[in-house]
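Values quoted throughout were computed directly from the atomic coordinates according to the rules given, and no laboratory measurement underlies them. Note that the structure is a prediction, hence the values are computed from the model and not measured. Please note: Cβ atoms are built from the backbone with ideal geometry, for glycine as well, and neighbour counts cover all protein chains shown.
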Amino acid sequence: MSNFAEREALEYLVGLGETEVLEIDGKKFTTNQVYKVKDPVPAELGVTTLTALVDYIKNDIDPKYGEKLLMHVKSPERVILYSTLREDKERETYIEAKALLPDNIYFNDFLDTERFNIMLQSSFIDGKDRALLLKVVGNIKDSAVKQVGDDGVSQSATIKTGVASVHDVVVPNPVILAPFRTFPEIEQPESKFIFRMQSGPAAALFEADGGAWRNEAMSRIKKYLEDALKDIKAVKVIS
């Protein structure tokens, strides 16, 4: 809104007797709160993949690419494309990509071995430690899980090793796993987990990397977008 239009609006309010303009020490104040009329902004789009985000930019769908754009990797599952600062010092949000992630991943909670088995197979990348955990929880005998030593780290469980035989094995700990925790276009980051079992039997995974996987995932997203948009000089990617 121009200065003239703003002055007209203020004068209109004053004319209604609703607002009085005061000048104190050379500065203008009003007796009531007034708000600046904001310029119209586009409704943001929502997508679920990085591919859709890249396609939106490359196809120049909206007439805005004469300006510079800011792409912010806010988290491992969220990326937003912004405009640069407008005259009112605010940014427009053009499009947001939010990853669709599995809803059956549970950390820090003990699950029965059947649910734990399904979670591993459906929501984790195949790997050596995943296969080892599946072998343990898939063959464990329905009996007590016992501690080994006094450090509280190692455990053993009695598992079926044949039709009728059983055998005590040391439960692996920690384990390296890669759950589906970010966009499918990038390699899922691996991280350490503490694997624990209880009588029942039940099993649980506890995150043990201090959240370092988040930084790795965001770095990979940034690299993916920079490579995919290397010919679009107007877009700056930050994470």
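List, in the order given, every pair from LYS128/LYS230; LYS135/LYS222; LYS98/LYS230; LYS68/LYS223; LYS98/LYS128 whose Cα-Cα distance in the structure shown is over 27 Å.
Table pairs above 27 Å Cα-Cα are LYS128/LYS230; LYS135/LYS222; LYS98/LYS128.
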Fill in: Separation in nanometres of the label points that stand 7 Å from Cα toward Cβ, at LYS98 and LYS135
4.1 nm
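Please give the net charge around PHE193, taking every other residue with its beta carbon less than 11 angstrom from that of PHE193, where Lys and Arg add +1 and Asp and Glu add -1. Intermediate values should be presented prior to the final figure.
On the way: positive: ARG130, LYS192, ARG196; negative: ASP129, GLU190, GLU207, ASP209.
After counting each charged neighbour, the total is -1.
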